[in-house]
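The values are calculated or read from the model by the stated rules, or taken from the named source; none is laboratory data. Keep in mind it's a predicted model, so treat the numbers as computed, not measured. Reconstructed Cβ throughout: ideal geometry from the backbone, glycine too, with neighbour counts over all protein chains shown.
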Amino acid sequence: MVGGKVAKITCKISGLEKSFGRNHVLRGIDLTLHEGEVTALMGANGAGKSTLVKVLCGYHHADAGEIELAGAPFAPMDASDAIAKGVVTVHQSIDDGVIPDLDVATNLTLDRLTEPGANLFVNDRSLRRRAEEVAASMGLAMDVRARVADLDVADRQMIAIARAMARSPKLLILDEPTSSLSASEAERLFALIDRLRADGVAILYISHRMSDLRRVADRIVSMRDGAISGIFEGEELDYVGAVNAMLGHQMTEVDIEPVSGGAPILEARDLRLFEGSPPISFTAREGEVIAFTGLLGSGTTELAEILFGLSAAAGGELTLDGRAYRPASAAQAVAQGVFMSPKDRGSNAVIADFDIANNMTLPFLRAFSTFSFLSESGQRRAARDMIARIGVKCESDRDGIDTLSGGNQQKVMIGRWLLKASRVLLLDEPFQGVDIGARRDIGHYIRETSAGRTTLVFVAEIDEALEIADRIIVLNEAAIASEHLNKNIDLNRLVADVSGRVREPHGSGTDAVCGPVTAAQSKAG
């Protein structure tokens, strides 16, 4: 539905089946994608969403079923054929959609340069002018002469999408597009998606992040075990129902028995995150895992940075084990036993030229050294032990970090800060860009090792908070909106607290969070 009118169908999928040997991956998929709408596709690892996308992209051929694109049969021979017919994908690995060593102008016009009949001699001025036209049509302001490798992640993402749109697709598929983006970078992407939707492009948006879905989705489709398990649409999307349909159980059904914790380790009293913000106070106890959650801009990032000495509070005080705690830098925080695994591992944590062991042990090389000589055997023994404990899937600790999947890279980054004992462990978006399986591995290990410290986890997604925390503290506009023990949580009230919506009286059954239920929802059980 666009502007109150029924939108035209761009892509219709009927009875799609796909198997690999005995593994039945797609089971009778029925789905319609409309022009000018963003359909969000959710599914745990192994649900079949990647296979569905690969069939649409021409990488795989369906065993049964039919696809129509703009009313015509669609059965692409390969990826190039799919693109030529109007289905373009921007993959999760951003550099799959750009050529980093070329400049922006060449990236944006590359398809035109390589098409049959293109002139062998390129007019550089004409190429730049054409690239500037493409960039302007997408609302992008950048120097088209800049080398793509020198740009930040968000700009590379925008170029990949602009290059895709230069092909005038009928259907644009975005695969986990925010997995490597900061909050401000993600908002730029969302603004671009708004433009594409207004231009009538049908968008299939693959993500399980609630904050993404709240911002861009017109409807949500959940997949489980190769089938559609729920379709959620209407003015108020049922995010909770969509996640439950994806998981096959209630989001609150987690295997956690919350602990109350021991002695206080970290205390905040009337802490102000920035000038003019309200004061917040909390106590984090030994053995306890606390999740701080909230929408983008709620203050979670600012709080993490203050606790790790990356910025200063505007007021209030912090104590660590009963003593004043005012770190002026990350080095001072680490020296006092406060460790932090930052978000955006690609820019803040991973050293691409180092192997797994060197990435994992980087902050603690002094602990593996004697008289300035590094004990490589001790370093690698510690790394191998952590690799086994946290379940990093690799051939050897000498493998390059860039040979690992996103989930395994994230395990390495978190394992880095678990190598040595800490008093406070800060985890900023520890599940960013990882699938649900890797997320649960990381969460289990963090809880298993929680004795002797307090652990503060900063996450934007409610389901991630539920899977790891003893307590959940909701921030809204830099204030503590509510606090919840992770046991028998009223999920609708928690979602309402996060979103800042006014809640109806408990038990009224009219909470604004949940939307209408469709017939397809009943498949979720």
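Take E467 and tell me if it is within 21 Å of the chain's Cα centre (by Cα) and under 29 Å from A314 (Cα atoms). If you could, list the steps in order and put the result at the bottom.
On the way: within 21 Å of the chain's Cα centre (by Cα): yes; under 29 Å from A314 (Cα atoms): no.
So E467 fails the test.
Kindly evaluate K12 against the criterion of being at pLDDT 95 or above, assigned by TED's automatic domain parsing to the domain that holds D78 and surrounded by fewer than 20 Cβ atoms within 10 Å (Cβ to Cβ). Full working, then the answer.
Details: at pLDDT 95 or above: yes; assigned by TED's automatic domain parsing to the domain that holds D78: yes; surrounded by fewer than 20 Cβ atoms within 10 Å (Cβ to Cβ): yes.
Considered against the rule, which asks whether it is at pLDDT 95 or above, assigned by TED's automatic domain parsing to the domain that holds D78 and surrounded by fewer than 20 Cβ atoms within 10 Å (Cβ to Cβ), K12 comes out as yes.
With respect to A304, is the statement that it is more than 30 Å from E37 (Cβ to Cβ), in a helix (DSSP H, G or I) and of a type in the set (A, V, I, L, M, F, W, C) true?
Details: more than 30 Å from E37 (Cβ to Cβ): yes; in a helix (DSSP H, G or I): yes; of a type in the set (A, V, I, L, M, F, W, C): yes.
So A304 passes the test.
Out of the residues in segment 296-323 that are in contact with a helix residue (DSSP H, G or I) (Cβ under 6 Å, 6 or more places away or on another chain) and in contact (Cβ under 8 Å) with a residue 40 or more places away in the chain, state the one that is farthest from L475 (Cα to Cα).
Looking at the filtered set, the residue picked out is F308.
Among the residues in segment 280-295, are any surrounded by fewer than 16 Cβ atoms within 10 Å (Cβ to Cβ) and part of a loop (DSSP other than H, G, I, E, B)?
No, every residue in segment 280-295 fails to be surrounded by fewer than 16 Cβ atoms within 10 Å (Cβ to Cβ) and part of a loop (DSSP other than H, G, I, E, B).
Is segment 423-441 home to any residue that is in contact with a Phe, Trp or Tyr (Cβ under 9 Å, 6 or more places away or on another chain), assigned to a helix (DSSP H, G or I), assigned by TED's automatic domain parsing to the domain that holds R323 and under 29 Å from N492 (Cα atoms)?
Yes, because at least one residue in segment 423-441 is in contact with a Phe, Trp or Tyr (Cβ under 9 Å, 6 or more places away or on another chain), assigned to a helix (DSSP H, G or I), assigned by TED's automatic domain parsing to the domain that holds R323 and under 29 Å from N492 (Cα atoms).
Report the residue count in segment 84-112 for those that are modelled with pLDDT of 75 or more and within 20 Å of K49 (Cβ to Cβ).
Number of matching residues: 5.
Can you tell me which residue in segment 211-229 is surrounded by the fewest Cβ atoms within 10 Å (Cβ to Cβ), limited to those that are of a type in the set (V, I, T) and within 19 Å of the chain's Cα centre (by Cα)? Give the steps one after another, and end with the answer.
Step one: list which residues in segment 211-229 are of a type in the set (V, I, T), which gives 216, 220-221, 228.
Going one step further and asking which of them are within 19 Å of the chain's Cα centre (by Cα), we end up with 216, 220-221.
Details: V216: 21, I220: 28, V221: 26.
So, considering only residues that are of a type in the set (V, I, T) and within 19 Å of the chain's Cα centre (by Cα), the one surrounded by the fewest Cβ atoms within 10 Å (Cβ to Cβ) is V216.
What pairs come up if the first residue lies in segment 474-500 and is within 22 Å of A284 (Cβ to Cβ), the second is part of a helix (DSSP H, G or I) and of a type in the set (V, I, T), and their beta carbons are under 8 Å apart, counting only those six or more places apart or on different chains?
Pairs that qualify, where the first residue is within 22 Å of A284 (Cβ to Cβ) and the partner is part of a helix (DSSP H, G or I) and of a type in the set (V, I, T), are V474/V498; L475/T300; N476/V498; A481/V498; L494/I462; V498/I462.
Select, from A72, A131, A149, the only residue that is in the same structural domain as I206 (by TED's automatic domain parsing), at pLDDT 75 or above and not aromatic (F, W, Y). Break it down stepwise before answering.
Details: A131 fails: in the same structural domain as I206 (by TED's automatic domain parsing); A149 fails: in the same structural domain as I206 (by TED's automatic domain parsing).
The unique qualifying residue is A72.
Here is a yes/no grid of residues against (1) surrounded by 19 or more Cβ atoms within 10 Å (Cβ to Cβ); (2) touching an Asp or Glu at 6+ places or on another chain (Cβ under 6 Å); (3) outside the structural domain of R214 (by TED's automatic domain parsing); (4) not charged (D, E, K, R):
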| site | (1), (2), (3), (4) |
| --- | --- |
| V457 | yes, no, yes, yes |
| E467 | yes, no, yes, no |
| E477 | no, no, yes, no |
| S482 | no, yes, yes, yes |
| N488 | no, no, yes, yes |
| V495 | yes, no, yes, yes |
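Check off (1) at pLDDT 80 or above; (2) under 30 Å from A227 (Cα atoms); (3) in contact with a helix residue (DSSP H, G or I) (Cβ under 9 Å, 6 or more places away or on another chain) for D470 and give me the number that stays unchecked.
(2)
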